[in-house]
1. How much of the accessible area of segment 130-195, probe 1.4 Å, is carbon plus sulfur, in whole percent?
2. Using the Karplus curve 6.51 cos²θ - 1.76 cosθ + 1.60 with θ = phi - 60°, what ³J(HN,Hα) values do you get for each residue of segment 165-178, in whole Hz, with x for Gly and Pro?
3. Residues of segment 62-76 with backbone nitrogen within less than 19 Å of a virtual label 7 Å along the Cα-to-Cβ line of Gln103, please, listed as ranges.
4. With 21 Å as the cut-off, how large is the P(r) tail for segment 144-211, expressed as percent of Cα-Cα pairs?
5. As an exercise, identify the GluC sites (Glu not before Pro) in segment 102-199 lying in DSSP coil whose Cβ has no more than 13 other Cβ atoms within 10 Å.
Amino acid sequence: MSLLALLGLADCYGRSAPPGTAVASRGAASDGPARRDDQGRSATVRALEEGTLGPQDRTPVDRLLLVLDGYTRAKREAAGAPGDGRPDRALFYCAQLNADFSQCVVFDGSDESAHLVGVEYVISASLYATLPAAERQYWHAHVGEIDSGVVVAPGLTDAAHTALMGELRSTYGKGWRTWNAEVEPLPFGEPTLMWSIAPGKLEPVTRSEMRSRWGRTHREE
């Protein structure tokens with residue numbers, strides 16, 4: 001089954017069932033000036049949510065059909081540079097433009113208080129092969145994340161999930177983290193280039209979190 005067809009399946013499943021257990025946004029962003037405050041939000045935005053204003057064209061956003069639940073880590077930390085040692089939880093909402101290219105927005109949770117913390121572009125192996133050597137340093141392979149179970153697609157059937165992971169296994173990603181929302185109350189500083197997490201390199205606390213939240217333990221052994 002092609003990734004394009006699986007995105008169609010994700011659309012169908014997403015309309016009839018929730019994508020999985022909600023992941024709450026947490027940390028400095030949730031407690032600071034970027035926290036959700038329903039009463040303080042714009043009256044116009046609240047009216048749009050309630051459907052009392054005319055609809056706006058949301059076509060690009062509505063195409064973010066595929067939801068991936070995983071972790072990210074800075075490239076500098078993956079290379080051994082100092083860091084806090086713990087991957088950051090991330091929810092990827094992705095749209096496929098064609099067989100070789102998809103684009104994702106990254107949030108720190110899946111609840112109404114979630115913060116937009118980054119972006120990732122996903123390309124096929126054949127498209128990656130056309131990149132100049134100087135550009136390839138920014139792209140990471142997804143094979144390790146798939147094989148270690150770091151990334152899952154909540155809400156899909158086992159058959160669809162297995163097929164999707166098979167499609168994603170050969171892809172490459174270029175991701176930028178624009179906000180460490182768990183530590184910083186606002187998106188400070190420059191964006192950070194994110195990298196893959198190698199199989200067998202997950203800390204015990206991360207493995208425990210994966211088991212408790214995903215229920216797909218056989219994918220992370």
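1. Numbers: 1760 of 3060 Å².
Of the solvent-accessible surface of segment 130-195, carbon and sulfur hold 58 percent.
2. 4, x, 5, 6, 4, 9, 8, 10, x, 10, x, 10, 8, 9
3. Residues 62-68 fall inside that zone.
4. Details: 986 of 2278 pairs.
It works out to 43 percent of all Cα pairs.
5. Values: sites: Glu112, Glu120, Glu135, Glu145, Glu167, Glu182; in loops: Glu112, Glu182.
Sparse-neighbourhood loop GluC sites (Glu not before Pro): Glu112.
The values are calculated or read from the model by the stated rules, or taken from the named source; none is laboratory data. Since we're looking at a predicted model, the values are computed, not measured. Glycine gets a Cβ as well: all are built from the backbone with ideal geometry, and neighbour counts include every protein chain shown. SASA here: full protein model, heavy atoms, side chains in, ligands and nucleic acids out. Shrake-Rupley method; radii C 1.70, N 1.55, O 1.52, S 1.80 Å.
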